[in-house]
Amino acid sequence: MSKIAIYPGSFDPITNGHLDIIKRARDLFDKVIIAVNNNPLKTFLFTAQERVEMIKELFNVSEGIEVESFRGLLVQYAKKKGAHFIIRGLRALSDFEYEFQMDLMNRKLNPGIQTIYLMTNQRYSYLSSGIIKEIVRLGGSAEGLIPDLVEKKLLEKFT
Ligand code: ADP
């Protein structure tokens, strides 16, 4: 049976911290589905379609990677995709409480799905999509923190 994992997130926009997690997850699972959150109650800078397209462009047609948007309950989506694993990244201690709560709730909803946590690469431990948006909006350099394509798309949004 192939091991399929879902990596859910806002990816608004995707950063090198996310990419590092995806590459490491690819070594652990046969297929990684990057699931772009399209929750209508959240506000995003990029539309779900823009976020999906950006990620697809970065990975081209890389084997073992699938990218799509989803809304609704993550465990239901995982079940639909035949995935038994959820991947999440962990940075500072501040990520822990939220992730712990989500994990317990997801396991209650579907005990057959395990969440696997990958610790951030220390190079990206302070990196978030939110801080990147602020830096680029204010004219700072995000070199080494996001792919060039993402920087270009951000600059288009802010000009
Ligand atoms: P969400 O709104 O679901 O938290 P994000 O796009 O902010 O969406 O994050 C998706 C996942 O990627 C989360 O598990 C988050 O902890 C992880 N992540 C975000 N940035 C980094 C980073 N720099 N290093 C490692 N993991 C990260």
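Listing for the model above:
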read-out	value
Distance (nanometres) between label positions extended 7 Å along Cα→Cβ at SER94 and GLN122	2.0
Gain on full stretching of the segment that runs from GLU143 to LEU73 - 0.36 nm per residue minus C-alpha separation	21.7 nm
Computed lengthening from ARG24 to LYS157, 0.36 nm per intervening residue step minus Cα-Cα distance	44.9 nm
Stretchable slack from SER2 to THR43, in nm (0.36 nm times residue separation minus alpha-carbon distance)	11.3 nm
Region 7-159, accessible surface, carbon-and-sulfur percent (1.4 angstrom probe)	53
Derived scalar couplings ³J(HN,Hα) [region 48-58; Karplus, 6.51 cos²θ - 1.76 cosθ + 1.60; whole Hz; x for Gly, Pro]	4, 5, 5, 5, 5, 4, 4, 5, 4, 5, 5
Cα pair distances exceeding 26 angstrom across the chain, given as percent	24
Between 0 and 90°, nearest 10: helix 93-109 axis offset from the chain longest Cα axis	40
Area of MET54 that stays accessible when all protein chains are in place (1.4 Å probe, Å², to 10)	10
The chain, dipole about Cα centre (Lys/Arg Cβ +1, Asp/Glu Cβ -1), debye to the nearest 20	460
Relative contact order, percent, the chain [alpha-carbon distance under 8 Å, six or more residues apart]	29
Where the chain is the region considered: accessible area per residue in Å², 1.4 Å probe	58
In nm, spacing of pseudo-spin labels at ILE131 and ASP103 (7 Å Cα→C-beta vector)	2.3
Helical contribution to [θ] at 222 nm, DSSP H n ≥ 4, -39,500 (n - 2.57), averaged over the chain, rounded to 500	-13500 deg cm²/dmol
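The values are calculated or read from the model by the stated rules, or taken from the named source; none is laboratory data. Every value quoted in this text rests on a predicted model; they were computed, and no experiment measured them. Using ideal geometry, Cβ is built from the backbone for each residue, glycine included, and neighbour counts are taken over all protein chains shown. Heads up: the accessible areas ignore ligands, DNA and RNA and are worked out on the full protein's heavy atoms, side chains in. Shrake-Rupley method; radii C 1.70, N 1.55, O 1.52, S 1.80 Å.
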